[in-house]
1. Which of the residues that make up the range 24-71 are open to solvent by less than 90 Å² (accessible area, probe 1.4 Å) and in a loop (DSSP other than H, G, I, E, B)?
2. What are the pairs with Cβ atoms under 9 angstrom where one residue, in the range 47-75, is within 30 Å of residue 12 (Cα to Cα) and the other, located anywhere, is modelled with pLDDT of 80 or more and surrounded by 10 or more Cβ atoms within 10 Å (Cβ to Cβ)? Sequence gap at least six, or different chains.
Amino acid sequence: MSKSDAGGGFDAARHLDAMAPALGLTITAEQRPVVLQFIAIAQAMSEIVRTAPLDSASLELAPVFRPGAPRGDAS
């Protein structure tokens, strides 16, 4: 799998180089090829989801998660 998509827009190596330090991750030289492979797979999967047809009339937003006990719950 290529490190960038056919359109040249996504570069898995640049993404890894930017995000690993931001997330506090240390990627070793031995890990890097496999991490790049999985980033490329994740990007390809995201394109499938992004381009999936969606009827805007059927869009229902999910409820918002709020940690803690539900309101009105006395327990």
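The values are calculated or read from the model by the stated rules, or taken from the named source; none is laboratory data. All values reported here derive from a predicted model rather than from experimental measurement. Cβ sites come from the backbone with ideal geometry, for glycine too, and all protein chains shown count toward neighbours. Calculation scope for accessible area: heavy atoms of the full protein, side chains included, ligands and nucleic acids excluded. Shrake-Rupley method; radii C 1.70, N 1.55, O 1.52, S 1.80 Å.
1. Answer for the range 24-71, where residues must be open to solvent by less than 90 Å² (accessible area, probe 1.4 Å) and in a loop (DSSP other than H, G, I, E, B): 24, 27, 28, 29, 31, 52, 62, 68, 69, 70.
2. 47/10
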